Structures are given as C-alpha cells and as structure tokens.
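Structure first, then comments.
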C-alpha cells in the first residue's frame with residue numbers, strides 16, 4: 001500500500017496526516033502548535049512529518065497547505081502573515097531535499113476549494129466557487145475541473161475585491177474590500193460600534209465583541225445582532241452575484257466559521273443573489289451550499305494536491 | 001485546401017469571412033446590415049453564408065459570434081438585445097441542418113478574448129483577461145490556456161459587477177455596475193451632467209454628448225473631458241485590480257472603442273492598478289496592453305472557435 005502525506009500549516013497549528021492512496025480517511029493525524037519559543041517553525045515541521053511517517057512506509061508525495069501567498073509552480077512561500085521569517089521561502093525544495101519525495105505547495109483557501117470539489121459537497125461539479133468566511137475571507141475556484149491558479153498562483157483572492165470604495169479599512173491595507181465588510185471580525189466590529197452609539201441589544205458593551213457572540217445573540221433573536229448578519233450577508237451575496245457573472249458556477253460553497261451560523265448568514269446571501277444576478281439563467285441548475293468537510297478541509301485539500309501534482 | 005467560415009453577428013451588421021485552414025487572413029470577407037425590413041435576420045444570415053461559400057469549397061466548420069448570452073454547449077442563443085425574436089434560438093442546429101458542417105457558437109466578447117490570445121497581443125500567455133470598453137463593457141478570460149465559460153457559457157461578464165452600490169443604473173437594470181460608470185456612454189453622460197451644472201468646458205451643451213466628442217475635447221486639453229476619462233479610468237483600474245486578484249493574469253488586454261483613446265484612458269487605469277493591487281507580486285511579469293486586432297477581432301475569434309470546437 002502506498003501513502004500520501006498531507007500538511008496544513010496554520011498560523012497557530014501545524015497538522016499532518018497520512019492517507020492510504022485509496023482513501024480520504026487518514027491512518028494517522030497529528031497536530032502541534034506552529035510556534036514554540038526557541039524553536040524554528042521549519043524544524044518543527046520536519047519533526048512533525050518524521051513523527052507521522054512510519055518507518056519504511058512508502059510515500060508517493062507530500063501536499064502542503066500554506067496560510068498565505070505561495071507560488072505553486074516554483075514551490076516558494078511568498079509570505080505568511082503569522083510565521084516570522086517565511087518570506088520567499090523555498091519550502092518545496094527544503095522538504096524535497098529532506099524527505100526525498102515530490103512535494104507540492106498550495107494556498108490554504110485554494111486547497112479547501114479543491115477538497116470540497118474532490119471529496120466534499122462539490123463532487124461532480126465542473127465549475128465551483130468556494131468562499132471561506134471567518135477571520136478573513138478567502139477563496140478558491142474550480143474552472144472546468146481545474147483549480148484556478150493564475151500565472152503565479154495568486155488567483156482567487158475572493159475576499160480582496162472592492163465592494164465599497166469608501167468602506168472600512170481591510171487587513172490588507174486597502175479600503176472597502178469584501179473582507180472588511182463581511183468577515184467575522186468586521187461583523188463584530190460593526191455591532192460593537194452600533195452598541196457604542198447606544199443601540200439597544202443583549203450584546204455586552206465594549207469593543208471586544210467576537211463574531212461568535214454576535215451569532216449567539218442573533219440566534220436568541222437580538223435585533224442588532226440579526227442586523228449585523230443581515231448586513232454582512234447582503235454584502236456577501238451582492239459580491240457572490242458578481243462571482244456568478246464572472247465564473248457562472250454550478251455550485252457556490254460557503255465555508256469558514258461564519259458559515260456555521262446557517263440560515264443567519266445563508267438567508268441574506270440567498271436573497272441578495274436573487275436580487276443582484278443580471279439574469280435568472282445564472283441560477284439555473286445552481287446550488288448554494290455550505291462546506292461539508294469541517295475542520296480538516298484544508299488537510300484534505302493538501303491530500304488532493306498531493307494526488308495531482310500541478311504541472312510545472 | 002480546407003477552409004473555416006467565421007461569422008460575427010452584430011446588432012447592426014452581419015459579417016462573414018472564409019479563412020484557409022493555415023491562416024488568419026481571410027480569402028473573402030463580406031458585411032451586410034443585420035436587419036432589413038420585410039426580411040428575417042436568420043434568412044439574411046443563410047444568404048450571407050451562401051454568398052461567401054464558393055461552390056465545392058471544403059469547409060471544416062463554422063464559428064459564430066453572437067452579441068449576447070449564448071450556451072456554447074447546446075448552441076442555443078439565449079437572447080440578443082438587438083435582434084427581435086432571437087430568444088432561446090437553437091442557432092447551432094439551424095446552421096448545421098442548413099450547411100451540413102459542424103457549427104460552434106460563442107459570445108462575442110469571449111471570442112474577442114480568444115482572438116487576442118490566439119492571434120493578437122496575448123499570444124503565448126496562459127492567463128489573459130480581456131475587457132472591451134465601448135457602448136457596454138464586456139469581457140473574456142483565458143485561464144490556463146482555456147476560455148473560461150462556466151456551466152452555461154455565461155462566465156466573464158466583467159462589466160456587470162457592482163463597483164458602487166449607490167451608483168447609476170446599468171443597462172442591465174442593476175445599479176452601480178462597472179459598465180454604468182466607465183463605458184463610453186457613461187463617461188459622456190457624466191460629462192453632460194457636469195456641463196449642465198455650469199462647469200466650463202469646450203464641449204457642446206446638451207445631453208446628447210458622445211464618448212468620441214469627450215475624447216476629442218480631452219485630447220484638446222479640456223479639463224472637464226480630461227476629468228471624465230480620469231474618473232472612468234480610475235473606476236476601471238480599481239475593478240481591474242480586483243480581476244488581478246481574481247485571475248492573476250500575465251496580461252490584461254483593453255479593447256473596444258474607448259481603448260483607442262490611448263493614454264487618456266490607460267494612464268488612469270495603470271495608476272489605479274498600482275494603487276489598488278494588494279501585493280506588488282500581481283504586477284510581476286504583468287502587461288497592460290491594448291487590443292491589437294482592430295475591427296475584425298470578433299470575426300477572428302469566431303475563426304479561433306471554429307478551429308477548436310468546444311467539447312459538448
């Protein structure tokens with residue numbers, strides 16, 4: 001039996017799993033903190049791979065998900081917001097030199113899209129758009145059964161499009177991006193600002209609200225919290241209508257923490273999609289779905305990548 | 001020698017050309033008005049094809065560009081804004097039944113993108129975004145050497161994305177689309193409105209300004225006309241920065257009448273691209289170019305389509 005190794009490099013957690021070549025159920029999965037004082041993250045990654053790779057187990061390839069821009073053609077990590085020093089890091093070469101098997105790198109949101117398309121709710125769809133809404137907003141696109149990468153693997157940054165030129169600052173430094181209006185923190189920030197203006201709500205006062213608190217309050221019927229979801233869902237849905245015009249997918253998959261709020265976020269998204277599409281044909285044979293693979297979606301995407309190394 | 005026939009169905013003009021199989025230079029090209037009183041446009045199309053198809057000339061296939069949404073998989077024209085009655089028209093079947101050769105249909109802006117990629121300024125690029133700016137704004141995308149179509153061929157409607165939720169009405173009925181802010185008529189309308197407010201300008205008063213008049217005034221140094229181009233170019237550039245984030249192309253081709261204004265429109269586009277991209281990596285090995293194939297770009301796109309019939 002041959003095996004694949006899949007790695008999910010998160011800002012806070014490193015995950016590694018070993019998959020038999022005929023299954024998306026791992027024989028082993030291990031998680032450790034990405035950073036520990038006095039240790040180099042790359043060495044922690046090496047040790048983690050050593051620890052899951054049983055002796056003499058034949059491994060075909062290693063797929064690696066990176067939390068930031070990565071060039072999948074050269075295997076170079078351009079930067080990772082949460083791991084210091086990983087700028088222009090030739091991670092593919094380092095791993096291939098260390099482990100002597102082919103290694104492929106991909107951006108985490110792209111690989112989550114690949115996972116949902118290959119093993120999740122998007123199976124059988126030739127044209128899929130995946131948007132993950134949590135701390136940030138990321139994306140991945142399957143166009144005609146292939147992952148959309150662009151010339152340097154930087155495509156499908158679906159959270160970084162301008163939806164309101166005068167809107168709030170985004171984490172990337174630009175203004176009015178979808179992420180700045182509809183991510184979890186953006187929703188919580190808006191609710192906190194409204195609270196501070198004296199709007200009645202069962203939410204606790206102060207500026208340190210979380211999206212989870214807003215979701216709980218909304219589930220309990222709090223008007224302000226409900227409006228926060230309504231606003232974010234409408235902004236999302238209007239931009240997702242643009243993505244229907246741009247990609248004409250047969251399925252749109254919403255992942256990430258915020259998607260777990262179910263109809264709170266899906267109802268306004270669905271309403272905005274219907275309102276903003278330029279032709280009902282975009283909704284023919286179209287499905288709006290939530291992600292199906294849970295917390296390990298990126299790891300399963302790294303498996304899918306390992307199974308289909310991109311051509312150089 | 002085998003031949004291809006290419007057809008460009010415009011709202012006002014039907015064009016047909018015959019190309020030898022090894023060339024993009026037609027042996028014959030003919031243009032007639034699309035509509036004539038008392039005649040059915042489909043019959044005019046049949047006659048036009050008859051008139052260019054010399055007797056016994058072996059024709060491999062016919063490629064047809066349609067000015068509106070078309071399903072390239074079924075060969076059905078969904079609608080054409082300027083030809084009455086062409087709704088859900090099985091044009092591919094009609095033409096195949098009439099001429100007994102394979103026929104393929106495509107949207108005109110998509111085929112213009114295909115033309116620039118295969119025969120124009122985009123040759124050799126795996127990842128191309130084409131935007132045509134004239135009466136409307138349309139688009140086409142080559143992703144990884146393939147035309148982006150989506151599940152029903154409705155992808156790459158790059159003019160119909162919301163860039164200002166409170167902006168002017170678009171031709172499609174929605175509000176604040178790129179087309180409503182940056183097309184030729186949008187630019188002329190804005191200038192006319194400013195004139196009506198009493199802004200000094202060498203432009204003629206009244207609301208019937210054309211984009212051509214604005215371009216001429218801008219070339220002569222008129223401040224208001226220059227500002228019209230600056231505004232449209234900035235709106236375009238900001239949205240094109242989004243397309244860089246979405247597609248990460250190595251070339252962005254601007255076509256259509258407005259692109260002929262050269263630096264008047266390209267300078268603000270270029271400035272906005274630099275201002276709004278989230279990472280300079282998007283501009284690595286990146287070219288901003290104007291379309292190179294002139295008035296026959298769609299016809300050449302129909303040729304390219306005929307040469308590579310899409311799989312059903």
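General observations
- Computed over region A:122-292, Cα set: Rg, Dmax in Å: 16.1, 50
- Using alpha-carbon coordinates, inclination of helix A:297-307 to the longest axis of chain A, degrees: 40
- Each copy carries residue B:102; placing its label point 7 Å along the C-beta direction from Cα gives inter-copy distances of 3.1 nm, listed from smallest up.
- Shortest-first nm distances, residue B:31 label point to equivalent points in other copies (7 Å, Cα→Cβ): 6.4
- Of all beta bridges that DSSP places with both ends in the protein assembly as shown, some 55 percent have antiparallel geometry.
- Sorted into 5 angstrom bins from 0, the C-alpha pair distances of region A:64-105 split as 6, 27, 34, 20, 11, 1 percent.
- Pairwise centroid distance, computed over Cα atoms, of region A:100-140 with region A:1-56, Å: 19
- Packing, taken as the mean count of other beta carbons within 10 Å per residue, orders the peptides B:221-228, B:61-68 from highest to lowest as B:61-68, B:221-228.
- Among A:293, A:207, A:264: highest mean-square fluctuation, GNM of chain A, C-alpha pairs under 10 Å: A:207
- Here the contact order of chain B, divided by its residue count and restricted to Cα pairs under 8 Å and six or more residues apart, works out to 19 percent.
- Once C-alpha pairs closer than 8 Å and six or more residues apart are averaged by separation and normalised to the residue number of region B:21-129, the relative contact order reads 21 percent.
- With a 10 Å cut-off around each Cβ of B:165-175, the average count of Cβ atoms from other chains is 2.
- Nearest 10 degrees, 0 to 90: helix B:41-52 Cα axis against chain B principal axis: 70
- Cα-only Debye scattering, region A:24-162: base-10 log of I(q)/I(0) at q = 0.10, 0.16, 0.17, 0.22 Å⁻¹: -0.37, -0.96, -1.08, -1.48
- Anisotropy class of region A:231-311 from Cα gyration tensor, a/c 1.5 cut: oblate
- For B:274-287, mean number of other protein chain Cβ atoms within 10 Å: 4
- Antiparallel %, DSSP beta bridges [both residues in region B:122-291], to 5: 55
- Alpha carbon centroid spacing (whole Å) that separates region A:220-270 from region B:254-300: 33
- Geometric extent, Cα atoms of the protein assembly as shown - Rg, Dmax (angstrom): 26.1, 85
- Rounded to whole Å, the principal axis extents of the Cα atoms in region A:114-211 read 50, 27, 17, largest first.
- Contact order normalised by residue count of region A:122-292, Cα under 8 Å, 6+ apart, percent: 23
- Proportion of all alpha-carbon pairs of chain A beyond 35 Å (%): 22
- Cα-projected label distance for residue A:30 with residue A:219, points at 7 Å along beta-carbon direction, nm: 3.5
- The other copies place their residue B:60 label points at 3.7 nm from this one, listed shortest first, where each point is 7 Å from Cα along Cα→Cβ.
- For the rotational copy pair A/B, the chain A residue whose Cβ lies nearest the symmetry axis, together with its distance in Å, is A:143, 3.
- Relative to the longest principal axis of the Cα atoms of chain B, helix B:223-247 runs at roughly 60 degrees.
- Antiparallel DSSP beta bridges within region A:1-78, percent to nearest 5: 70
No value in this document is a laboratory result; all are computed from the given coordinates. Computed from a predicted structure; not experimentally measured. Positions of Cβ are generated from backbone atoms using ideal geometry, with glycine treated the same way; all protein chains shown enter the neighbour counts.
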